[in-house]
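The values are calculated or read from the model by the stated rules, or taken from the named source; none is laboratory data. Just so we're clear, the structure is a prediction, and the values are computed from it rather than from any experiment. Note: ideal-geometry Cβ built from the backbone for every residue, glycine included; neighbour counts use all protein chains shown.
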Amino acid sequence: MSEKKVTVIDLGVGNLFSIISALKYCGCQVTVTSESKVIENSSSIILPGDGAFNYTMNQIKKRGLFEILKTIKLTEKKLLGICIGMQVLFDYGLEFGKTEGLGLIKGNVIPIPDYSTENKKLVIPHMGWNSLIFSNHLNTWEGTLLKNNKPSDEVYFIHSFMVNPSEKKSKVADCIYGGHRISAVVKEENIFGCQFHPEKSGELGLKILREFIRL
Amino acid sequence: MKKIRLIGRLDIKGPNLIKGIHFEGLRIIGEPKKYALQYYLDGIDELLYMDTVATLYGRNNLLEFVKEIGKNIFIPMTVGGGIRSVDDVYNFLSAGADKVAVNTAAVNKPEIINEISKRFGSQCLVVSIEAKRKSENQWEVYTNNGREKTGKDVESWAKEVQQLGAGEILLTSIDQDGTQKGFDLNLISSVKKNISIPLIVSGGMGKEKDLINVINDCDIDTVALASVLHKNKFSIKELKKILQSNNFYVRNS
C-alpha cells in the first residue's frame, strides 16, 4: 500500500510541528502549504489552528484560501479542522467581535461560560485531559472519526471558546467542563472537526488521526 | 472524584538524564530519550524536561532534543532551563513544546511573565519556583538550578507570579529533592493556600504514602515525579493503580 498523502494548511500561526510529526508517525506523506493550488490537488486536508478566530480567518483570506475552503463540500476532498481550525468551520465567531467563518457547519462560536452549572468560577482556558462522551442523540461512533475510540477515552484540550452547532446531526462527541456540555467532535458530510488536539492526546488521539486518513 | 495528573520530570545535563539530591551530587541516570519514551508509553500525563545547566551556560540546549522526541511522543511537553526571552519561548513552542517553564529570568525580570503570557497565552507558561527552607515556616526562592539565593520569600513570590500572568506554578523543594523522603507538606500548603492557578509539586516522592499525603493534606492534584520513576521504584501503571485504590481518578491511556 502506498503512503497516504495529507496536506496541512500553514497559516503562519502556531505550532505545526506536532501535527506534522503525528501524521508522519501514522505513516502519512505530509505536504505543508499555504497555496490554494496545492490544496486544489489534495484530497485529504488538515486545518490546524492556534490563536484567535478573527486572526485565523484573516490569515485564510490573506492567503487566498477562503473560496477553496468555503466550497470544499462541493468536492470529494475531506477536511479536518483542529481546535481553532474546527471553530472557523462554523458560520461565525464572537471572539473580539463578530467574525464570519467558513460556514461549512451551521452554528457559531461562543465563549466557554465563566461559571460552572453549580455557579463556581471556572478556570478558562479549559485545559488538560478530558473524557469524550456521545453527543445526546448518539449511542455509537460507528461511521465517525471516533470509530476506534470508546466513551471515556481522554483527549487533550486547550481552548477558551467553544462551538455551538445549530443542528444536532453535526454533533458527534462532547466533553463536560464545569457541568457544561462542550462539543468536542463535529461532522458535516466530508468536513470534520476536533476541538481538542489529537496530536497531543497519546495513542487514543492518533487513532482519530488514523481514522481520518483512512476514510 | 478528584482527578490526579502525573508529570514525568527529566532533569537533563548535556546528553544525559541526571538526578541529584538537593540539586547537588548529580548522577548520570541514562539517555533521556529512552526514559521519556518509556514514561509516555506507560501512560504519563505530561512530560517536563529541565536543562539543569542552561542558565549557567547562558542557553538551553534542549531545542534539538524536543524536536527529536516530538517525533514519537504525543502528549503535552514542557521545557525549562535558561529561557530568557519571548523569542526563546517562540522557538520551543515551534519545536513542539506546549509550555515553557521559567525561573531565573522571571526572578531577574518579572515583566517577562507578563510578556510571555500576553504573547502566547498564560496556558503555556509555567513559572518554576525552587524553594529552600529558611526557618520552620519560611522558604527562600533560589535560581539557577538551586545555585543562587535571591532573598525572595516563596509565598509572596508565588502570589506575585500569579498576578503577573503565570498559567501554572512548578514548586520544587530543594530540601526534599532527590531524597525520596516525602514532600515538604508545610511548604506546599503555604503556597497552595495563596494561589488559584494550578500547582505542580516536585521533590521528595519516595513511598506510596508520600503521594497520598501530599494530595490529601495539601489539596494537590498534580505531582511531578523524577527519582521514583528513573529508579523504577514504581512504574506509572503501579502509581495509577495506587491512586485508583485510594479513590482518585486517573487517566486511562
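Details
- Residue check for B:Leu47: at pLDDT 95 or above and within 12 Å of another protein chain (Cβ to nearest Cβ): yes
- Entirely in segment A:2-72, the helices (runs of 4 or more DSSP H) that have 1 or more residues that are within 14 Å of chain B (Cβ to nearest Cβ) and within 25 Å of B:Ala95 (Cα to Cα): A:17-25, A:53-62
- Filtered by the rule that a residue be among the polar types (S, T, N, Q) and at pLDDT below 95, segment B:92-103 gives a lone residue, B:Ser94.
- In segment B:2-25, residue farthest from the other protein chains (Cβ to nearest Cβ) [restricted to those that are under 19 Å from B:Phe234 (Cα atoms) and touching a helix residue (DSSP H, G or I) at 6+ places or on another chain (Cβ under 7 Å)]: B:Lys19
- When segment B:166-180 is filtered for residues that are surrounded by fewer than 20 Cβ atoms within 10 Å (Cβ to Cβ) and at pLDDT below 95, the ones remaining, listed by number, are B:Thr179, B:Gln180.
- Contact annotation: residue pairs with Cβ atoms under 6 Å, 6 or more positions apart or on different chains, pairing a residue in segment B:116-145 that is within 14 Å of another protein chain (Cβ to nearest Cβ) with a partner that is assigned to a strand (DSSP E or B) and among the basic types (Lys, Arg), are B:Cys124/B:Lys99; B:Val126/B:Lys99.
- In segment A:197-215, of all residues being among the basic types (Lys, Arg) and more than 14 Å from the chain's Cα centre (by Cα), the one that is surrounded by the most Cβ atoms within 10 Å (Cβ to Cβ) corresponds to A:Arg210.
- Segment B:96-143, residues that are touching a Ser or Thr at 6+ places or on another chain (Cβ under 9 Å) and among the aromatic types (Phe, Trp, Tyr): B:Trp139, B:Tyr142
- Restricting segment A:11-33 to residues that are at pLDDT below 95 and more than 16 Å from A:Glu199 (Cα to Cα), the residue that is surrounded by the most Cβ atoms within 10 Å (Cβ to Cβ): A:Leu11
- Tally of residues being out of contact with any helix residue (DSSP H, G or I) (no Cβ under 7 Å at 6 or more places or on another chain) and either within 14 Å of chain B (Cβ to nearest Cβ) or surrounded by 18 or more Cβ atoms within 10 Å (Cβ to Cβ) (or both) across segment A:122-134: 9
Yes or no, residue by residue, for (1) within 12 Å of chain B (Cβ to nearest Cβ); (2) among the acidic types (Asp, Glu); (3) touching a residue at least 60 places away in the same chain (Cβ under 8 Å):
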{"residue": "A:His159", "(1), (2), (3)": "yes, no, yes"}
{"residue": "A:Glu167", "(1), (2), (3)": "no, yes, yes"}
{"residue": "A:Ser170", "(1), (2), (3)": "no, no, yes"}
{"residue": "A:Val186", "(1), (2), (3)": "no, no, yes"}
{"residue": "A:Glu189", "(1), (2), (3)": "no, yes, yes"}
{"residue": "A:Phe192", "(1), (2), (3)": "no, no, yes"}
{"residue": "A:Gly202", "(1), (2), (3)": "yes, no, no"}
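- Residue check: A:Val155 meets all listed conditions (1) buried (at least 22 other Cβ atoms within 10 Å of the Cβ); (2) more than 11 Å from chain B (Cβ to nearest Cβ); (3) among the β-branched types (Val, Ile, Thr); (4) free of Cβ contacts under 8 Å to residues at least 60 places away in the same chain but one, namely (2).
- Members of segment B:23-67 that are on the phi > 0 side of the Ramachandran plot and in contact with a His (Cβ under 9 Å, 6 or more places away or on another chain): B:Gly30
- Considering residues of segment A:91-112 that are in a strand (DSSP E or B) and out of contact with any helix residue (DSSP H, G or I) (no Cβ under 9 Å at 6 or more places or on another chain) only, the residue surrounded by the fewest Cβ atoms within 10 Å (Cβ to Cβ): A:Pro111
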